[in-house]
Amino acid sequence: MNRPILNIRQLIIFIFLISISSYASGMNKTGQQTSDTVPQQTMPILAWYSIPEAFSTTERFGELAETGINLHFSFYSNANEVQKALDLAGNSLLKVIISCPELETETEKTVRRFMYHPALAGYYLQDEPTASQFGKLREWVKRVRAVDSIHYCYINLFPNDVKPRKLEASGYRSYVNRFLKEVSVWFLSFDHYPVMGETLRPIWYENLEIIAAASRKYNLPFWAFALTTAHDYYPVPDMAELRLQVYSNLAYGAQAIQYFTYWTPPVDAYDFHHGPITLDGKRTNAYDLIKAMNTEIRALSGVFLGATVMSVHHTGTTIPKGTKRLKKLPAPFLKIDTGNSGAVVSYLKNGDKKYLIIVNRSFLKPLDLRIELNSNSVRQVLKNGRVNLLPSGSACFQVEAGDVLILRYN
């Protein structure tokens with residue numbers, strides 16, 4: 001029996017007004033509509049490489065807020081530009097993770113300058129550090145905390161597709177655990193972009209298994225990414241690819257979703273293109289995708305935010321490396337039939353509610369799903385947060401590519 005994956009509620013609660021649209025999930029063929037709804041909360045949704053310094057305007061921050069994103073992160077050339085971004089973000093009810101050279105060279109002075117700003121979320125320290133850099137980061141975190149113990153320090157870790165030599169550690173699991181032992185952080189963040197052309201990187205779910213295990217061991221929430229800007233062999237994302245990343249992350253217990261990126265970065269070592277906002281500031285269809293995705297996240301936040309993941313298993317002819325095959329179902333479920341196709345099956349507890357989460361592991365085709373249950377109290381949670389009561393017996397669903405089916409039960 002798996003140990004529960006313990007996740008604490010988000011340490012910093014952000015209050016925002018985000019409009020909600022209705023999206024259906026998993027088209028139930030037998031359910032009855034009820035007036036019951038899932039409570040809405042505000043899950044952190046971060047725009048990585050967000051509005052660049054040169055485009056810092058009221059209109060641009062308003063445009064960002066319209067997507068449902070509530071956390072802004074970009075690199076700034078100096079502390080005065082950070083001040084400008086904080087002021088603009090606050091006007092749009094956004095929070096900011098700040099980054100500027102002074103945060104490292106004049107840490108205490110810079111933290112004192114911004115620590116009371118109402119739009120401040122936290123301090124960016126580093127992306128993808130090697131193990132040899134943990135000591136420096138540990139001391140940097142201490143300097144920040146000595147002045148400000150209210151706001152978090154943000155550090156994002158490598159994915160597990162990096163060779164141990166680059167990590168400067170004996171392996172990925174060791175790398176993650178060593179980081180959490182040596183550096184005092186409020187949450188664990190990592191990036192992994194699994195969609196490569198028409199294939200899914202086979203070690204992605206193993207990465208989620210390792211991160212979720214570390215989250216449980218150190219009693220810290222974790223933050224995960226979804227790719228929104230194409231580059232190299234990573235394609236221009238569609239809704240199925242976006243949903244697969246987001247809902248798989250949430251099924252494993254992620255407490256925040258991060259988009260890489262919001263603004264398309266300049267072409268450098270990577271051929272970045274077709275982000276939600278282009279390099280010269282124009283919207284693409286990816287902007288509409290993240291807006292739709294965020295509407296779903298917002299409506300379903302009461303399922304995932306603050307939830308405890310009791311176990312995660314997989315179905316299908318083959319299951320991903322490092323994962324466990326589904327063998328036993330919680331009452332009142334008697335059988336789940338996904339045919340030869342693969343699905344993620346997660347059991348969550350959130351307060352006094354229990355949820356069965358089923359994610360279609362294919363971003364190319366729908367999943368025909370049949371569930372047998374012995375209860376008159378199972379409900380399907382729809383994308384708008386409303387629920388359908390299911391009759392006892394057999395229920396059939398078609399879960400679209402990359403999409404999720406959520407069932408609530410007693």
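For segment 133-183, what are the residues that are modelled with pLDDT under 95, surrounded by fewer than 21 Cβ atoms within 10 Å (Cβ to Cβ) and more than 20 Å from PRO202 (Cα to Cα)?
ARG165, LYS166, GLU168, SER170
Please determine whether any residue of segment 382-390 is touching a Phe, Trp or Tyr at 6+ places or on another chain (Cβ under 7 Å), under 21 Å from ASP36 (Cα atoms) and hydrophobic (A, V, I, L, M, F, W, C).
Initial filter on segment 382-390 (touching a Phe, Trp or Tyr at 6+ places or on another chain (Cβ under 7 Å)): 383-384.
So of that shortlist, the ones also under 21 Å from ASP36 (Cα atoms) come out as 383-384.
Among the residues that remain, those that are also hydrophobic (A, V, I, L, M, F, W, C) are: none.
No, the conditions are met nowhere in segment 382-390.
Does segment 263-283 contain at least one residue that is closer than 24 Å to ARG408 by Cβ and either at pLDDT below 95 or surrounded by fewer than 20 Cβ atoms within 10 Å (Cβ to Cβ) (or both)?
Let us first name the residues in segment 263-283 that are closer than 24 Å to ARG408 by Cβ, namely none.
Looking for residues that are closer than 24 Å to ARG408 by Cβ and either at pLDDT below 95 or surrounded by fewer than 20 Cβ atoms within 10 Å (Cβ to Cβ) (or both), one finds none in segment 263-283, hence no.
Got a sec? Which of LEU348, LEU326 is without any contact (Cβ under 8 Å) to a residue 24 or more places away in the chain, touching a strand residue (DSSP E or B) at 6+ places or on another chain (Cβ under 6 Å) and within 21 Å of ALA212 (Cβ to Cβ)?
Details: LEU348 fails: without any contact (Cβ under 8 Å) to a residue 24 or more places away in the chain.
That would be LEU326, the only listed residue that is without any contact (Cβ under 8 Å) to a residue 24 or more places away in the chain, touching a strand residue (DSSP E or B) at 6+ places or on another chain (Cβ under 6 Å) and within 21 Å of ALA212 (Cβ to Cβ).
I'd like to verify a number: residues in segment 227-249 that are part of a helix (DSSP H, G or I) and modelled with pLDDT under 95, how many?
If we filter segment 227-249 for residues that are part of a helix (DSSP H, G or I), which is where we start, we get 239-249.
Filter again for modelled with pLDDT under 95, leaving none.
Residues flagged as part of a helix (DSSP H, G or I) and modelled with pLDDT under 95 within segment 227-249 amount to 0.
Could you run through segment 86-114 and say how many residues are out of contact with any strand residue (DSSP E or B) (no Cβ under 6 Å at 6 or more places or on another chain) and over 17 Å from VAL147 (Cβ atoms)?
The total comes to 7.
Please verify whether TYR205 is touching a Ser or Thr at 6+ places or on another chain (Cβ under 9 Å), closer than 26 Å to THR308 by Cβ, free of Cβ contacts under 8 Å to residues at least 60 places away in the same chain and assigned to a helix (DSSP H, G or I), treating the condition exactly as stated. Steps first, answer last, please.
Values: touching a Ser or Thr at 6+ places or on another chain (Cβ under 9 Å): yes; closer than 26 Å to THR308 by Cβ: yes; free of Cβ contacts under 8 Å to residues at least 60 places away in the same chain: no; assigned to a helix (DSSP H, G or I): yes.
Considered against the rule, which asks whether it is touching a Ser or Thr at 6+ places or on another chain (Cβ under 9 Å), closer than 26 Å to THR308 by Cβ, free of Cβ contacts under 8 Å to residues at least 60 places away in the same chain and assigned to a helix (DSSP H, G or I), TYR205 comes out as no.
I need the helices (runs of 4 or more DSSP H) fully contained in segment 134-195, keeping only those with at least 3 residues that are in contact (Cβ under 8 Å) with a residue 40 or more places away in the chain and assigned by TED's automatic domain parsing to the domain that holds PHE260. Write out each step before concluding.
Working: elements: 134-147, 164-167, 172-182.
In segment 134-195, the matching helices (runs of 4 or more DSSP H) lie at 134-147, 172-182.
For (1) of a type outside the set (D, E, K, R); (2) in a loop (DSSP other than H, G, I, E, B); (3) free of Cβ contacts under 8 Å to residues at least 12 places away in the same chain; (4) within 27 Å of ALA307 (Cα to Cα), each residue gets a yes or a no:
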position: THR42; (1), (2), (3), (4): yes, yes, no, yes
position: ALA47; (1), (2), (3), (4): yes, no, no, yes
position: SER50; (1), (2), (3), (4): yes, yes, no, no
position: LEU64; (1), (2), (3), (4): yes, no, no, no
position: TYR76; (1), (2), (3), (4): yes, yes, no, no
position: GLN83; (1), (2), (3), (4): yes, no, no, no
position: ALA89; (1), (2), (3), (4): yes, no, no, no
position: ILE97; (1), (2), (3), (4): yes, no, no, yes
position: LEU103; (1), (2), (3), (4): yes, no, no, no
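Can you pull out the residues in segment 208-226 that are assigned to a helix (DSSP H, G or I) and among the aliphatic types (A, V, I, L, M)? It would help to see each step written out before you state the result.
At the first step, the residues of segment 208-226 found to be assigned to a helix (DSSP H, G or I) are 208-218.
Residues satisfying the conditions are LEU208, ILE210, ILE211, ALA212, ALA213, ALA214.
List the number of the failed condition for ASP368; all other conditions in (1) among the charged types (D, E, K, R); (2) over 22 Å from the mean Cα position of the chain (by Cα); (3) crowded, with 20+ Cβ neighbours inside 10 Å hold.
Exception for ASP368: condition (3).
Identify the single condition in (1) surrounded by fewer than 22 Cβ atoms within 10 Å (Cβ to Cβ); (2) modelled with pLDDT of 95 or more; (3) of a type in the set (Phe, Trp, Tyr); (4) in contact with an Asp or Glu (Cβ under 9 Å, 6 or more places away or on another chain) that TRP186 does not satisfy, given that it satisfies every other one.
In the conditions (1) surrounded by fewer than 22 Cβ atoms within 10 Å (Cβ to Cβ); (2) modelled with pLDDT of 95 or more; (3) of a type in the set (Phe, Trp, Tyr); (4) in contact with an Asp or Glu (Cβ under 9 Å, 6 or more places away or on another chain), TRP186 misses (4) alone.
The values are calculated or read from the model by the stated rules, or taken from the named source; none is laboratory data. None of these values were measured; they are calculated from a predicted model. Virtual Cβ from ideal backbone geometry, glycine too; neighbours counted across all protein chains shown.
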